[in-house]
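These notes concern the structure reproduced below.
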């Protein structure tokens, strides 16, 4: 399988699983706690199967040689910033709820937000991530997306 395919599968399956968890949250907790655990465990599996496994591989392959290290660093920093934002935002959003009963009323909606973010990741992967399976690193030097790297302000990105 190619890296793009793995990332696309991970995002798509996670979007579906988080949508199911968010949509059927109360029903699953009330009638089928093992079902909830199985679906949540699958979501964790596909998070690691998809974006977590390809996050550090794809940038190291698809950026042109002259900007590879800088672009990979920027890519990694953006990923870390997103993880930090999601961690803090999750806690803030989940804490919205009924303080008298201690119930977290917004947890199903939070899972729905995660489903949307995963779907957005799948769309971006589909349209913006090139497949690197079976290609040499030199082949990415001639890709049409080279102008995107130049327009991002990364100096030294002239074609040789």
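The values are calculated or read from the model by the stated rules, or taken from the named source; none is laboratory data. Just so you know, these numbers come straight off a predicted model, no measurement behind them. Quick reminder, even Gly has a Cβ in these numbers, built from the backbone with ideal geometry, and neighbours come from all protein chains shown.
Here is a yes/no grid of residues against (1) in a helix (DSSP H, G or I); (2) modelled with pLDDT of 90 or more; (3) loosely packed, with under 12 Cβ neighbours inside 10 Å:
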{"site": "9", "(1), (2), (3)": "yes, yes, no"}
{"site": "14", "(1), (2), (3)": "yes, yes, no"}
{"site": "50", "(1), (2), (3)": "yes, no, no"}
{"site": "56", "(1), (2), (3)": "no, no, no"}
{"site": "76", "(1), (2), (3)": "yes, no, no"}
Determine which member of the set 19, 43 is part of a helix (DSSP H, G or I) and crowded, with 19+ Cβ neighbours inside 10 Å. 43
Kindly indicate whether any position in the stretch 22-38 is free of Cβ contacts under 8 Å to residues at least 40 places away in the same chain, in contact with a strand residue (DSSP E or B) (Cβ under 9 Å, 6 or more places away or on another chain), part of a loop (DSSP other than H, G, I, E, B) and surrounded by fewer than 15 Cβ atoms within 10 Å (Cβ to Cβ). no
Considering (1) under 20 Å from the mean Cα position of the chain (by Cα); (2) modelled with pLDDT of 85 or more; (3) more than 27 Å from residue 27 (Cβ to Cβ); (4) surrounded by fewer than 14 Cβ atoms within 10 Å (Cβ to Cβ), say which one residue 69 fails and leave the rest. (1)
The number of residues in the stretch 27-60 that are touching a helix residue (DSSP H, G or I) at 6+ places or on another chain (Cβ under 7 Å) and within 19 Å of residue 115 (Cβ to Cβ) is 13
Give the number of residues within the stretch 78-108 that are touching a helix residue (DSSP H, G or I) at 6+ places or on another chain (Cβ under 7 Å) and either closer than 11 Å to residue 22 by Cβ or at pLDDT 85 or above (or both). 3
